[in-house]
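Below you'll find the structure, written out as structure tokens, and then a few comments.
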Amino acid sequence: MSFFEKLKQGMTKTRKNIAEKLSGVFAMFTRVDEDLLEELEETLILCDVGVNTATRVIGTLRERIKAEKIREVDGVKAALKEILLEQVQFSQAEETFPRVILVVGVNGAGKTTSIGKIAHVYTEQGKKVLLAAADTFRAAAAEQLSIWADRAGVPIVKYGEGHDPAAVVYDAIDSAKHRGMDVVLCDTAGRLHNKKNLMNELGKISRVIDREYPEAARETLLVLDGTAGQNSLFQAREFASTVPIDGIVLTKLDGTAKGGFIFAIREELGIPVKYIGVGEGIDDLQPFDAREFVDSLLD
């Protein structure tokens, strides 16, 4: 099964929510007028796209209808699809190696699982990957990451609970340099209750990377639980106000009808979605393709 087919299948609940509602609106109208646009805006809000995003999308659609003199409902549908595509599209620079990726997110969002799956993505590309179990304050975090390291077939650096996270990253970097690794994936920062401690921890880790591995590219990914919908945006704002976030990993989208909130991420955060998860298998988390995503929802 191709990833597009997995995506289409995994997004069934969201597709049903968005596609059926939008199709119902378009079926109600035979002419392009303000009533149609108002109905579309309300429908997008009901589909978890978010008020701000829905307002901007329909505002853009209104301008496009006028500029392109769209007179048919099918033309409006095509224009809406392109605007939604633009909403989730980001141009991303080509990755360079070696690179160190810090992965943050609240416990339960699928952070540890995502790290194992991202490791699999890179190994499938022929890259050599090392995991660093630096979320040392959560019980059994290192053991859980070890299971995913085994599944992905990659080595891991880990220590006991309560160990200094920066020391784990230090040893992981030292190991990666000696073994010629391309990617170091660091599991860390699984809590939000104390921003000062979170900043201190990540700041210390960053200083270790700057000092010990200045030639490596750096990236911080935030894992969000797709089943939480708009509530995940609140978590994202909290993290983004504390640490610079380079990309989003969206998990568990196969279990929710709230996938429409993806369209709000750019509006609310200005951060690209980098990976999307639509299943529990190790190959069910893949780099995000905006066109395939929109096609899977609306075609």
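The values are calculated or read from the model by the stated rules, or taken from the named source; none is laboratory data. Just so it is clear, the model here is predicted, and its values are computed rather than measured. Methodologically, a virtual Cβ is constructed for each residue, glycine included, from the backbone with ideal geometry; neighbour enumeration extends over all protein chains shown.
Here are a few things to note about the model shown:
- Scanning segment 38-83 for residues that are among the hydroxyl-bearing types (Ser, Thr, Tyr) and either outside any helix (DSSP H, G or I) or surrounded by fewer than 16 Cβ atoms within 10 Å (Cβ to Cβ) (or both) yields a single hit, Thr55.
- Residue list for segment 114-164, filter: under 23 Å from the mean Cα position of the chain (by Cα), surrounded by fewer than 21 Cβ atoms within 10 Å (Cβ to Cβ) and either more than 24 Å from Lys274 (Cβ to Cβ) or of a type in the set (Val, Ile, Thr) (or both): Val121, Thr123, Ser146, Ile147
- Residue ID - farthest from Gly203 (Cα to Cα), chosen from residues in segment 53-95 that are over 20 Å from the mean Cα position of the chain (by Cα) and in contact (Cβ under 8 Å) with a residue 60 or more places away in the chain: Lys81
- Counted residues, segment 1-37 - those being within 29 Å of the chain's Cα centre (by Cα) and either assigned to a helix (DSSP H, G or I) or of a type in the set (A, V, I, L, M) (or both): 22
- Count of segment 100-129 residues which are in a helix (DSSP H, G or I) and either among the β-branched types (Val, Ile, Thr) or modelled with pLDDT under 95 (or both): 7
- Scoring Leu185 on the criteria (1) of a type in the set (A, V, I, L, M); (2) under 16 Å from Thr112 (Cα atoms); (3) modelled with pLDDT under 95 leaves a single failure, condition (3).
- Taken over segment 280-299, the criterion of being part of a helix (DSSP H, G or I), at pLDDT 90 or above and touching a Lys or Arg at 6+ places or on another chain (Cβ under 7 Å) is satisfied by Val294 alone.
- Among residues of segment 208-253, those that are assigned to a loop (DSSP other than H, G, I, E, B), over 15 Å from Asn107 (Cα atoms) and touching a strand residue (DSSP E or B) at 6+ places or on another chain (Cβ under 7 Å), counted: 6
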